[in-house]
Amino acid sequence: MGSTKLLQNMVLAGGLALSATSMAATPSAAMLAGTCAACHGTNGSSVAVIPSLAAAPAEYFVETMKAFKSGARKATVMDRVAKGYSDEEIALMGDYFAQQKLIPMKQGFDKTKLNQGKRLHDKYCEKCHEEDGRKPDVGGILAGQSMMYLTFSMDDFLSGEREMEKDMKKKVNEMLKETDKSSIESLIHFYGSQQ
Amino acid sequence: MISRRNFIKLSGGAVAAGTLVGCAGGMGRSGGGGKVVVVGGGPGGATAAKYLRMFDPSIEVTLIEANAKYYTCFMSNEVLGGDRNLDSITFGYDGLRRHGVRVVHDTVTQIDAAARKIVTKSGATFSYDRAIVSPGIDFKWGAIEGHSAEAAEIIPHAWKAGAQTVTLHKQLLDMKNGGTVVIATPSGAFRCPPGPYERASLIANYLKKHKPKSKVLILDAGDKFAKQGLFIAGWKKHYGYGTSNSLIEWVPAAQGGKVEGVDAKGMAVQAAVEKIKADVINVIPPQKAGKLAFDAGLTEGDWCPINKKTFESKIHANIHVLGDASNAAGMPKSGYSANVQAKVCAAAVVDLLAGREPGFPSYMNTCYSVVGDDHGISVSIVYTFDEAKNEIIAVKGAGGVTPSDASAEALRREAHYAHGWFANITNDIFG
Ligand SMILES: Cc1cc2nc3c(=O)[nH]c(=O)nc-3n(C[C@H](O)[C@H](O)[C@H](O)COP(=O)(O)OP(=O)(O)OC[C@H]3O[C@@H](n4cnc5c(N)ncnc54)[C@H](O)[C@@H]3O)c2cc1C
């Protein structure tokens, strides 16, 4: 009987979250987030190429959406998409995605690069992207993220297309001084290998 | 603690038992529950069935779909030139079964809106509290002289994917170097407005590599088309568009492009001005809502009028229509639209079954098109609802097409993202 009660409560909670009766013209978080799933995957866990959003910290999500909206962060499509949402709607989606569990992307990686990747990560990245990049700390989650997206992101950071946070920039530059560009690839394979 | 996965399994079991005693209108309206029958397992119907179960596992959901396998039209243009195979656009319904959807393969012949009962070809009947219908499109065979379902066996439309896609692919493989491929576009509203031009691009891409003396001739029923500027820029870059040996030639209606008749046996089309012989002919017929929509009396003109907040039919209460068959203007008829409409509809059905006012909707559409190797473009629009006018309207200041000055790198990324979209949308629908 206890479990039936629990079921009812869960259903009720789900239903209430859905209907968003509080504000007549504001869609619920689930309604808004559902429209992103065809690109970003069901509940924000992507299965290919496009970045996952699940479990990303709400603060990072909100800042990122605002950067897309203002044009501060360049994009192929997200600049056009982000302009469609109010700050309130962005905040709703930020909380929603932060609560989703990330299903790491299944993707091919090169095993021979993992040791170097792990070593570099510990030395230059772990301080901010904790627990091998799994912890939703600063930035998004790197572990289990689309490797192709990570490659595009690092390219943009290095070319200056995307602004790098200044302490991260220091670390990345330090790394590139001491190693060569293959270090970036090794890091990406390391993050992608965490499935 | 019950994990979400166990929770779904658990209630899936409960549903199986519930079917035996289920009665229309039964199951407490206040605490969820209820019986929904979904007809059509394309992007519209399959997404609706899955999300109903995700939103409220106490709802009993039956999906009736004619075929055991679904072939997506999206990315089928990549099958034509051999860039991908049919398997990669083939999907089954086990994923939906795992969500506790009861999947029945049968063809619905009748919907009795008053009795809330659905009848199938095999004679089975299904009662419902609410029905969701997403039957896709049908062709208006009478519109082009000489065109018929039989003629389309010789000159495939390939506008419903599967056997037709394979036939067109084989014809392209068999064609001589130096041959002409005609693509005739439909008049009126049709599924996937950029589709014919993506098709022209990818066939040209195949010809460029394998049969470079050939060409694609687009005979257009209109004078402009979706993402026109971006397509033409891509054609200039890859296929010599506008030069004397262009792989693609486009003839708008104003210059006699509209096809008025076909001669499948003679391999010719009658355009407004001249009769044109070709080696491969792909006439895409004008379209209307799927047959079931007409049989069930859900149409007004060619499409089904709906309340765009809930997708409930304006003609029959308790029946919701979505996807290509519905008139959901301003959204285009696309897989993305159908997938999003299904979620809006499923959320509304959950609320309505529980006696709540449906929440405020949000909609989105994106159509990626692959123009060539490493060259993708997109149109992406965020929509909201105008309650007073019952209209779906684009959010002002947002959305739009790939900028015309996008870098080669941005276009390369869009081609990759198009493939990422395909993987994610099909997983969201069928997974
Ligand atoms: C070449 C091409 C390329 C495209 N590319 C894209 C793209 O890149 N992006 C995009 O978003 N969209 C694209 N589309 C459009 C997309 O395929 C359609 O918009 C989408 O399939 C519509 O979904 P639907 O659920 O409304 O209908 P459908 O996909 O047609 O599904 C209807 C289902 O209902 C079943 N059915 C019908 N009647 C009955 C009945 N009486 N009983 C039981 N079952 C029944 C059918 O068997 C079918 O499975 C493309 C289309 C084409 C032709």
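The values are calculated or read from the model by the stated rules, or taken from the named source; none is laboratory data. It should be emphasised that the depicted structure is a prediction, and the values quoted were computed from it without experimental measurement. Because the Cβ atoms are built from the backbone with ideal geometry, glycine has one as well, and the counts that use them run over all protein chains shown. To get the accessible areas, we keep the full protein, side chains included, count just its heavy atoms, and leave off ligands, DNA and RNA. Shrake-Rupley method; radii C 1.70, N 1.55, O 1.52, S 1.80 Å.
Give me a count of the residues in the range B:272-296 that are within 19 Å of residue B:217 (Cα to Cα) and at pLDDT 95 or above.
Here is the first cut: in the range B:272-296, the ones within 19 Å of residue B:217 (Cα to Cα) are B:272-286.
Then drop every residue that is not at pLDDT 95 or above, which leaves B:275-286.
The number of residues fulfilling the criteria is 12.
In the range B:368-400, how many are out of contact with any strand residue (DSSP E or B) (no Cβ under 8 Å at 6 or more places or on another chain) and in contact (Cβ under 8 Å) with a residue 60 or more places away in the chain?
The number of residues fulfilling the criteria is 5.
I need the full set of residues from the range B:179-190 which are in a loop (DSSP other than H, G, I, E, B) and within 12 Å of the ligand (Cβ to nearest atom), in order please.
Filtering the range B:179-190 for residues in a loop (DSSP other than H, G, I, E, B) gives B:179, B:185-190.
The answer is B:185, B:186, B:189, B:190.
Listed here are the residues, each with its yes/no results for (1) at positive phi; (2) surrounded by fewer than 22 Cβ atoms within 10 Å (Cβ to Cβ).
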position	(1), (2)
B:83	no, yes
B:90	no, yes
B:95	no, yes
B:98	no, yes
B:117	no, yes
B:123	yes, yes
B:127	no, yes
B:133	no, no
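Read through the list (1) open to solvent by 30 Å² or more (accessible area, probe 1.4 Å); (2) closer than 20 Å to residue A:44 by Cα, then give the number of the only condition that residue A:144 fails.
Failing condition for residue A:144: (1).
Which one is farthest from the ligand (Cβ to nearest atom) among residues in the range B:298-309 that are part of a strand (DSSP E or B) and buried (at least 24 other Cβ atoms within 10 Å of the Cβ)?
Filtering the range B:298-309 down to residues part of a strand (DSSP E or B) leaves B:300, B:303-304, B:306.
Okay, now just the ones that are also buried (at least 24 other Cβ atoms within 10 Å of the Cβ), so B:304, B:306.
On the way: B:304: 11, B:306: 13 Å.
Per the criteria, the residue is B:306.
So the check is Cβ under 8 Å with 6+ separation or different chains; which pairs have a first residue in the range B:272-296 that's farther than 26 Å from residue B:178 by Cα and a second one that's of a type in the set (Asp, Glu) and surrounded by 24 or more Cβ atoms within 10 Å (Cβ to Cβ)?
What qualifies is B:287/B:324; B:289/B:324; B:290/B:324.
Quickly run through the range B:314-358 and pick out the residues that are open to solvent by 10 Å² or more (accessible area, probe 1.4 Å) and farther than 29 Å from residue B:419 by Cα.
Selection gives B:314, B:315, B:316, B:317, B:318, B:352, B:354, B:355, B:356, B:357, B:358.
If residue B:204 satisfies all but one of (1) in a helix (DSSP H, G or I); (2) over 13 Å from residue B:180 (Cα atoms); (3) of a type outside the set (Ser, Thr, Tyr), what's the number of the condition it fails?
With respect to (1) in a helix (DSSP H, G or I); (2) over 13 Å from residue B:180 (Cα atoms); (3) of a type outside the set (Ser, Thr, Tyr), residue B:204 is out only on (2).
All but one of (1) buried (at least 24 other Cβ atoms within 10 Å of the Cβ); (2) under 15 Å from residue A:81 (Cα atoms) hold for residue B:379; which doesn't?
Answer for residue B:379: the failing condition is (1).
Which residues, taken from the range B:273-297, are within 12 Å of the ligand (Cβ to nearest atom) and among the hydrophobic types (A, V, I, L, M, F, W, C)? First the steps, then the outcome.
Of the residues in the range B:273-297, the ones within 12 Å of the ligand (Cβ to nearest atom) are B:282, B:284-285, B:287, B:289-296.
Those that are within 12 Å of the ligand (Cβ to nearest atom) and among the hydrophobic types (A, V, I, L, M, F, W, C): B:284, B:289, B:292, B:293, B:294, B:296.
For a quick check of your reading: which helices (runs of 4 or more DSSP H) sit entirely within the range A:19-95 and have at least 3 residues that are more than 9 Å from chain B (Cβ to nearest Cβ) and at negative phi? Spell out the reasoning first.
Working: elements: A:29-34, A:37-40, A:58-70, A:78-82.
Filter on the range A:19-95 gives A:58-70.
Determine the pairs where a residue that is outside the structural domain of residue B:225 (by TED's automatic domain parsing), located within the range B:401-412, has a partner that is open to solvent by less than 60 Å² (accessible area, probe 1.4 Å) and among the hydroxyl-bearing types (Ser, Thr, Tyr) with Cβ atoms under 6 Å apart, the partner being 6 or more residues away or on another chain.
B:402/B:378; B:410/A:76
Test residue B:21 against the stated conditions and say whether it is assigned by TED's automatic domain parsing to the domain that holds residue B:337 and at pLDDT below 95. Spell out how you get there, then give the answer.
On the way: assigned by TED's automatic domain parsing to the domain that holds residue B:337: yes; at pLDDT below 95: yes.
Criteria met by residue B:21.
Kindly evaluate residue A:73 against the criterion of being modelled with pLDDT of 95 or more, over 22 Å from residue A:135 (Cβ atoms) and touching an Asp or Glu at 6+ places or on another chain (Cβ under 9 Å).
Numbers: modelled with pLDDT of 95 or more: yes; over 22 Å from residue A:135 (Cβ atoms): yes; touching an Asp or Glu at 6+ places or on another chain (Cβ under 9 Å): yes.
Judged against the criteria, residue A:73 is a match.
Quickly run through the range B:191-221 and pick out the residues that are closer than 27 Å to residue B:336 by Cα, among the small types (Gly, Ala, Ser) and either within 12 Å of the ligand (Cβ to nearest atom) or open to solvent by less than 10 Å² (accessible area, probe 1.4 Å) (or both).
As a first pass, look at the range B:191-221 and keep what is closer than 27 Å to residue B:336 by Cα: B:191-206, B:218-221.
Pick out the ones that are also among the small types (Gly, Ala, Ser) and you get B:195, B:200-201, B:204, B:221.
The answer is B:195, B:200, B:201, B:204.
Just a yes or no: is a residue in the range B:401-419 surrounded by 16 or more Cβ atoms within 10 Å (Cβ to Cβ), within 10 Å of another protein chain (Cβ to nearest Cβ), over 19 Å from residue A:74 (Cα atoms) and within 14 Å of the ligand (Cβ to nearest atom)?
For the range B:401-419, residues surrounded by 16 or more Cβ atoms within 10 Å (Cβ to Cβ), within 10 Å of another protein chain (Cβ to nearest Cβ), over 19 Å from residue A:74 (Cα atoms) and within 14 Å of the ligand (Cβ to nearest atom): present.
Of all the strands (runs of 3 or more DSSP E) wholly in the range B:310-386, which have at least 1 residues that are away from chain A (no Cβ under 13 Å) and in contact with a Gly (Cβ under 8 Å, 6 or more places away or on another chain)? Give the derivation first.
Values: elements: B:319-321, B:363-372, B:375-386.
Fully inside the range B:310-386 and qualifying: B:363-372.
Within the range B:162-169, is there a residue that is within 10 Å of the ligand (Cβ to nearest atom), touching a residue at least 12 places away in the same chain (Cβ under 8 Å), in a helix (DSSP H, G or I) and open to solvent by 20 Å² or more (accessible area, probe 1.4 Å)?
There is at least one residue in the range B:162-169 that is within 10 Å of the ligand (Cβ to nearest atom), touching a residue at least 12 places away in the same chain (Cβ under 8 Å), in a helix (DSSP H, G or I) and open to solvent by 20 Å² or more (accessible area, probe 1.4 Å).
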